[in-house]
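No lab work stands behind these numbers, since they all come straight from the coordinates. Because the structure is a prediction, the values reported are computed rather than measured. When we count neighbours, we look across all protein chains shown, and the Cβ atoms used for this are built from the backbone with ideal geometry, even at glycine.
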Amino acid sequence: MGPNNPVFPVTSAASALPWAGQPYSIKRHGVSITNCDTEPVQTPGCVQARGALLVLRHPALTIAQASENCAAVLGHDAAELLQQPVSRVLGAAGAERLAEVLASDAVECNPVYLFSQTGAGGALLDAVVHTLNGSVMLEFEPSVPTAAAASGSRLPQGEAGLYAVLKFAMARLQTAVGLQAFCDVLTQQVREMTGLDRVMVYKFHPDLHGEVIAEASREDLPSWLGLHYPADDIPLPAREIFKRVWVRPVPDVSGALAEMVPLVHPDTGVPVEMTHCGLRGPSVMYTEYLRNMGVTACLTMPIRSDAELWGLIACHHYAGEKALSFQQRTACELIAQVASVQFRDAEKREQLQSEVERERVSQTLLARAAGSGSLASVVRGEISLKDVLPCSGAALWDDGRWHCVGQTPPLPQLAALAAWLSTRPEFDNPLQRLFASDCLSADFPAAVAYAELASGLLAVPLGPRPGGLMMWFRPQVLQEIRWGGNPHDKPKVVGPHGPRLTPRVSFEIFAESVRGRSSPWLSHEKEAATRLRLLAMELVVVRAQRLATLNDALTRSNDDLDAFAHVASHDLKEPLRGIHKYAHQLREDARIVDEDLRRKLDNLLSLTVRMDGLIDALLLFSRVGRESLELEECDFNAILDEALEMVGSRREETHSEIVVPRPFGRVRCDWVRCREILVNLLSNALKYNDKSPKRIEIGWIGANETPRESAPKEAAGQTVYYVRDNGIGIEARNQEQVFRMFKRLHKRDAFGGGSGAGLTIVRKLVERHRGAIWLESELGSGSTFYFTIPGASGGAA
Amino acid sequence: MTHVADRSILVVEDSDEDWETACDAGAAAGVRSCLHRVLDATECLAWLHQRLGANAVSSEAPVLVLVDLNLPGVDGRTLLASIKADVSLRAVPVVVMSTSSSQRDIASCYDAGANAYHVKPLRYPDHLRELASIFDYWLGLNRPPGVGAICQ
């Protein structure tokens, strides 16, 4: 830490910290969880008591600070060493060697092994040195024989063995294909090199929470693969250190700490920075967390991508102290560095591959859509819209319909979501017309209802709003996480800070932190969606053009129909009127006295009248199919009143009885055409009726009332209207025929004659309202015609 | 003083049967001699221009033009529109007679400036009655332009 950096907190905000205003020492200032992120882990004031640290002035090489355990490690009392030349500890030759190394090697921030020497009680110590900010950091730690591998390894022991292992590891890493395979090899190799019980690759997600993505462990240990941990579990200061060092050993999690004497550098008054010291004292929170998991020793290496921390290689040991030699740690550093480079490449390669794959999916979908002429085809088939982005479901709103694949919110919710989206300003951004959220319920509260399956939403508009939409959904993170067998059920121990520092609680905290959240949408995913949108838009434009062409064709064919109607009404009727006129004049001619001839002329006249009626019916029918409905909210009672009035004359002359059991509600329909339906049905009911009195009942059956057994499927959930008579009835075999054009079941003049088009027109009118019509009838006792007018809101309000 | 009944009714009708019916109705109403027939739109416009020149209230103006929609060549609706678009002719009342009862036809004729629209009935007696009412109204009750001024 440079002299310009804050040494110990002096700001007012920091004054609440326990060590405010004085140099920090882990031993003196127990850290509480709330200030984890401010703990000065780089200047902990203490070293791991298994070794000793001397801070020397450079180039004088006199001892400025010494860890308080120097007597136990080096056989010299710390207080006595202060201000002494380093030769007091290293001997003249050692001091000379140190000076040589300092002069020749790049030791700034780079610990270098000096030599081994005997310490207190004859123990062999490794001396390791590095410089930092003008100070020489000289560490002594017990020598560990270099074990090449975990027991059972076939490789040779000793340093030669270590290089063999390293070489072998590198070779295997280089042959691994893909990120996952690489991680798997990495964990196996590190475990082989260190002999530690569990080696994990811990990946940081974009929101900084971590996940175990690879693991090699002692066979009897439960797997932690797939477990997630909150970002807080690796506090910010620790992450910062891992951007600067390549290996972090804590060989004895429960080991004692030794404070520096004095705590601050006597010349500068600042605490000594131990970032690069292997002996740096670990945070109390960290060791307690490890102890609570039953971890007795650990080793951590960063995986960096450029300047960012991609993840960690975290190694745990459960069988007591486990120190690694400086050489082993150096090998681990090397592995971490190689892994970092490889990871960066592998990740870029995989990202590139997935981009290529996504592009291929997009092209496949669009080719299919273009081929089938329907954008909707993108939700069908083995490769679908869902495969364009990592997601759990996708939906397309196109041409007035939803097309869904995978897990999506139910249709009514989709509609509400789409309505909300159409008001979003993001769709106006000309650079990227796209809405993305990894916490949809925070933006759109109604989404809480389906947070589990769609906490993440990425949506792009197709065409001007409120036009088409493409949406991708991601589930809540919790739904995605594999919670492999719940291995943390029983914390090994719980330290003084309580259960917070256990993986179990960690997971719960993590779970809380990601409630309602999905994994975030990455920038290359957004780009892929934007690209697909542009390609799909082209298709939409092409389709719009085709639609316009079709519309033209339809207009032309409608015009043809109009022309036909014109011809029918004029060209057919004109000669008909002529025929009628001459027949009439002959009929009136006094010279024609023959009764038979006069009867024939009468027939001729009535035939022309009938033909005129048929032409009118045909014209009406063609108009019904062609002219658009004018839908409005109507009072069905009023429509019925008008219809009754229109058939009124017939009613009076036939002494009929009209029954309306209960009032009707409001209906969304075309008033005139609905009235036409009723007029036709009512006049039929009166016409084909030989009873006295004629009885007609007009009523309705609510959507939630017991439906008629005869009702067709499409009438389900609809209000059913009916017109019931006590007339002549229709035989079962004729019941479908009554709806056929010009189909009459009776003699021409029976029941007052008629064109036979009435029910055909009624059916057409009902169908124009997207409704259904059917009948129940018994010969001799009457008929009931049922029909629906979808959009009808039911009976009486 | 010019009596309205002295003035002419121009019938644009290509159907001989319907022309005869019109003559029958005219005879019954006592205005048979007023009826003039042209067969199509071109003849009609020529006849009108010859009578009217640039003066729309000339006493030569017909009291009524009865147009059948279904004409050979240029149809009745177009003829109607031409008359109503011509400053010198537009004051002449035009009554449309057609077999079509379609709302579209009716609306489009009124849009083009028709003074009345009648559907030709199929039955001969009905047809006669309809024509008689038209003659009664336009020759008896209605006051065409130009005539009122002279009477006063």
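Observations on the model:
- Mean shadow area of the range A:35-122 over all directions, Cα convex hull, nm²: 6.8
- Within straight-line reach of A:K243, meaning a Cα separation under 25 Å, sit the following lysines at least 8 residues removed in sequence or on another chain: A:K203, A:K322, A:K348.
- Here the range A:561-702 yields Rg over Rh of 1.11, to two decimals, using C-alpha coordinates and the Kirkwood radius.
- Stretchable slack from A:T549 to A:K713, in nm (0.36 nm times residue separation minus alpha-carbon distance): 55.5 nm
- When you count the other C-beta atoms within 10 angstrom of each residue and take the mean per peptide, A:721-729, A:350-358 line up highest first as A:721-729, A:350-358.
- Relative to the current alpha-carbon distance between A:A123 and A:N704, full extension at 0.36 nm per residue lengthens the span by 200.0 nm.
- DSSP beta bridges in the protein assembly as shown [antiparallel fraction, %, rounded to 5]: 85
- Lysines whose Cα lies under 27 Å from that of B:K120, excluding same-chain neighbours fewer than 8 positions away: A:K573, A:K581, A:K600, B:K84
- Farthest positive-ward along chain A dipole, Cα basis, beta-carbon charges - from A:T530, A:G758, A:L227: A:G758
- Cα→Cβ-extended label distance, 7 Å offset, between A:R770 and A:R218, nm: 6.8
- Cα gyration tensor shape for the range A:329-483, rounded if a/c is under 1.5, else prolate or oblate: prolate
- Computed E for B:D14/A:L431 - FRET, C-beta separation, R0 45 angstrom, nearest 0.05: 0.10
- The residue among A:V667, A:F739, A:M301 whose Cα reaches farthest toward the positive pole of the charge dipole of chain A, with charges on the beta-carbon of Lys, Arg, Asp and Glu, is A:F739.
- Per-residue average of Cβ from other chains inside 10 Å of B:16-22: 3
- DSSP-assigned coil residues among GluC sites (Glu not before Pro) in the range A:185-233, each with at most 12 further Cβ atoms within 10 Å: A:E219
- Rg to Rh, two decimals, where the range A:525-627 supplies the alpha carbon set and Rh follows Kirkwood: 1.50
- FRET efficiency for A:R668 and A:A415, using Cβ-Cβ distance with R0 set to 25 Å, rounded to 0.05: 0.85
- Per residue of peptide B:90-102, the mean number of Cβ atoms on other chains within 10 Å of the residue Cβ is 3.
- In whole angstrom, the range A:643-730 maps to an equivalent ellipsoid with semi-axes of 24, 16, 11, each derived as √(5λ) from the alpha carbon gyration tensor and ordered largest first.
- Loop-located GluC sites (Glu not before Pro) in the range A:645-714 (DSSP state not H, G, I, E or B) with no more than 13 neighbouring Cβ atoms inside 10 Å: A:E705, A:E709.
- Between A:L629 and A:E308, the C-beta separation translates, for a Förster distance of 60 Å, into a calculated FRET efficiency of about 0.45.
- One decimal place: the segment A:N603-A:Q83 gains 173.1 nm when fully extended, by the rule 0.36 nm per residue minus the C-alpha distance.
- Approximate shape of the range A:330-403 as ellipsoid semi-axes (Cα gyration tensor, √5λ), whole Å, largest first: 40, 12, 7
- In nm, spacing of pseudo-spin labels at B:E130 and A:K243 (7 Å Cα→C-beta vector): 9.4
- Rule-of-thumb Rg ratio for the protein assembly as shown [Cα; 2.2 N^0.38 Å; N residues]: 1.67
- 4 °C / 1.567 mPa s Stokes-Einstein diffusion coefficient of chain B, Kirkwood radius on C-alpha pairs, µm²/s: 84
- Chain A, helix-only ellipticity at 222 nm - DSSP H runs n ≥ 4, -39,500 (n - 2.57), divided by all residues, nearest 500: -12000 deg cm²/dmol
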